[in-house]
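*Asks:* One structure follows; several queries about it will come next.
The values are calculated or read from the model by the stated rules, or taken from the named source; none is laboratory data. Small disclaimer: the values here were computed from a predicted structure and weren't measured. Heads up, the Cβs are rebuilt from the backbone with ideal geometry, glycines too, and the neighbour counts pull from every protein chain shown.
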Amino acid sequence: MDICLAQKIMDKTVLENQIPALEKQVSLLESQKNSLIESIKVMQSVNSGFESKNIELEKQIGGVIALSEKNATVVNSLMESLKVSTKELIDINTKNVQETNIVLDKLPRMVVELQKHGLINKI
């Protein structure tokens, strides 16, 4: 029992001798803890600022996307109208060319006929 008591006293002395070193470590860790808490507060504040900017940016991007989709719809509509109008113009011009070709084909015969009947003088 004396040996056990002596061992316990020795263990107590060792632990008591470690207390000042551990208290210094606790003090150092407390100061680091406070510094880290302040850093976290700053980072949370910055994150909050980014969050509000991100929400605003998402709204603006949504507006740009909506406007782009609207503009794309308008451009597609204009292109379709242009396609229809161009086809109509081509059809009209094709008809005019065909009619002009008919006139040009018949004109020499008509001139000869008119000359035969004396309605126009020979050139």
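*Asks:* Filter the stretch 104-118 for residues that are surrounded by 10 or more Cβ atoms within 10 Å (Cβ to Cβ) and aliphatic (A, V, I, L, M) and give the result.
*Replies:* Scanning the stretch 104-118 gives Leu107, Met110, Val111, Val112, Leu114.
*Asks:* Among the listed residues Glu16, Glu23, Glu99, which satisfies the condition of being of a type in the set (D, E, K, R), loosely packed, with under 10 Cβ neighbours inside 10 Å and more than 34 Å from the chain's Cα centre (by Cα)? Let's see the steps before the verdict.
*Replies:* On the way: Glu23 fails: loosely packed, with under 10 Cβ neighbours inside 10 Å; Glu99 fails: loosely packed, with under 10 Cβ neighbours inside 10 Å.
Result of the check over Glu16, Glu23, Glu99: Glu16.
*Asks:* If you don't mind, there's one more thing I want to ask. Out of all the residues in the stretch 24-46, which are aliphatic (A, V, I, L, M) and either at pLDDT below 90 or in contact with a strand residue (DSSP E or B) (Cβ under 6 Å, 6 or more places away or on another chain) (or both)?
*Replies:* First pass over the stretch 24-46, keeping only residues aliphatic (A, V, I, L, M): 26, 28-29, 36-37, 40, 42-43, 46.
Answer for the stretch 24-46, where residues must be aliphatic (A, V, I, L, M) and either at pLDDT below 90 or in contact with a strand residue (DSSP E or B) (Cβ under 6 Å, 6 or more places away or on another chain) (or both): just Val46.
*Asks:* Contact list please: Cβ distance under 7 Å, first residue in the stretch 8-23 and at pLDDT below 90, second residue surrounded by 10 or more Cβ atoms within 10 Å (Cβ to Cβ), pairs at least six apart or on different chains.
*Replies:* Hits for this filter: zero, empty list.
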